[in-house]
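Step one of this worksheet: look at the structure below.
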Amino acid sequence: METNQSSSDFTGKVAIVSGGGSGIGAATAKLLAAGGASVVLSDINLSAAEKIAAEITASGGKAAPFKADASKPEDSQATVEFAKKTYGALHLAYNNAGIVGPEKYVGDLTPEGWQSVINLNLNGVFYAMHYQIPAILASGGGAIVNTSSIAGFIGIANLSAYVASKHGVAGLTKSASIEYGKQGIRINSVHPGYIMTPLIAQWTDTDLGALEAMHPIGRLGQPEEIAEVVYFLLSNKASFMSGSQVVVDGGFLSV
Ligand SMILES: NC(=O)c1ccc[n+]([C@@H]2O[C@H](COP(=O)([O-])OP(=O)(O)OC[C@H]3O[C@@H](n4cnc5c(N)ncnc54)[C@H](O)[C@@H]3O)[C@@H](O)[C@H]2O)c1
């Protein structure tokens, strides 16, 4: 059992949040920094990451933006090197960058469209952990959360690549959790329902209204409601949780 940090205090801990410039990633980066962590916000959109990092530092937290395309292994490696160089270690990671991708039936989805989603949502999580895990081991252990979705449990028409990527994240997470549990790294996946972020804000009110009706709680989620659960999973309050698929969906999957 981890004993040197019995609470959810992240003082002295270093975290990477990918896709930290928007939505769920931004909310999580803010919460981790408020809890004392030094946070690297990696994002393909540097100005978005800079804006959130500036908000964090203005409120007394520690945050550094970093431009990285999570679908490129060399960028994931550079992100880990940046965290070590900037803050001296790496303990925590929230691998969250993701896209929905083209909305088409399988027969109409191009191989390029398929690959764009798999390369970021699934391969990107592998690249991230591949470079993060040695750094976390060298820092004395820690925790990782990977972003899956309710789409990691069910099929959704028009979203085969997204659904396949999110199922893949769950399997990758469980396998890695088995490999590194005894070495002091807990690895879990979080599975949000529909959350009101720029990822889905582009959809019409009719679409969003239909989605709301699919959540027994009667509304869509807010990014902060996922951030709270990720925060818990990264903290030692979740010290016996590893390989879990943690659903945060306002009851969506219960129907
Ligand atoms: N919003 C939802 O309803 C919902 C539901 C379930 C799961 N998720 C998952 O949560 C994660 C975050 O989604 P969100 O709703 O906060 O999205 P968002 O669009 O608000 O934020 C995503 C961030 O990722 C960044 N990004 C995009 N491509 C990138 C790349 N190649 N490399 C690095 N960064 C990149 C974007 O610039 C953006 O800052 C995604 O993995 C998504 O699949 C979202």
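The values are calculated or read from the model by the stated rules, or taken from the named source; none is laboratory data. Since we're looking at a predicted model, the values are computed, not measured. Please note: Cβ atoms are built from the backbone with ideal geometry, for glycine as well, and neighbour counts cover all protein chains shown.
General remarks:
- Helices (runs of 4 or more DSSP H) fully within the range 31-132 that include at least 3 residues being within 15 Å of the ligand (Cβ to nearest atom) and of a type in the set (D, E, K, R): 46-58.
- Boolean, residue 227 is among the small types (Gly, Ala, Ser), within 15 Å of the chain's Cα centre (by Cα) and in a helix (DSSP H, G or I): yes
- Put simply, of 127, 105, 94 the only residue that is surrounded by 21 or more Cβ atoms within 10 Å (Cβ to Cβ), at pLDDT 95 or above, more than 23 Å from residue 236 (Cβ to Cβ) and aromatic (Phe, Trp, Tyr) is 127.
- The set of residues in the range 142-201 being basic (Lys, Arg) and assigned to a helix (DSSP H, G or I) consists of 166, 174, 182.
- Test: residue in the range 177-195 that is over 26 Å from residue 32 (Cβ atoms) and either among the hydroxyl-bearing types (Ser, Thr, Tyr) or away from the ligand (no atom under 11 Å from the Cβ) (or both): no
- Residues of the range 174-186 that are out of contact with any helix residue (DSSP H, G or I) (no Cβ under 8 Å at 6 or more places or on another chain) and touching a residue at least 12 places away in the same chain (Cβ under 8 Å): 174, 177, 178, 181.
- Filtering the range 8-37 to residues that are closer than 19 Å to residue 135 by Cα and surrounded by fewer than 24 Cβ atoms within 10 Å (Cβ to Cβ) leaves 11, 12, 13.
- Residue pairs whose Cβ atoms lie under 8 Å apart, sitting 6 or more positions apart in sequence or on different chains, and linking a residue in the range 136-159 that is more than 26 Å from residue 235 (Cβ to Cβ) to a partner that is away from the ligand (no atom under 16 Å from the Cβ) and modelled with pLDDT of 95 or more, are 157/105; 158/104; 158/105.
- Residue in the range 231-240 that is among the aromatic types (Phe, Trp, Tyr), in a loop (DSSP other than H, G, I, E, B) and more than 16 Å from the ligand (Cβ to nearest atom) present: yes
- Evaluation of residue 85 against the conditions (1) closer than 23 Å to residue 235 by Cβ; (2) without any contact (Cβ under 8 Å) to a residue 24 or more places away in the chain shows that the sole unmet condition is (1).
- Search result, residues across the range 1-30 that are outside any loop (DSSP other than H, G, I, E, B) and modelled with pLDDT under 95: none
- Qualifying positions in the range 147-171 - touching a Leu at 6+ places or on another chain (Cβ under 7 Å) and either under 21 Å from residue 25 (Cα atoms) or at pLDDT below 95 (or both): 150, 151, 165, 168, 169
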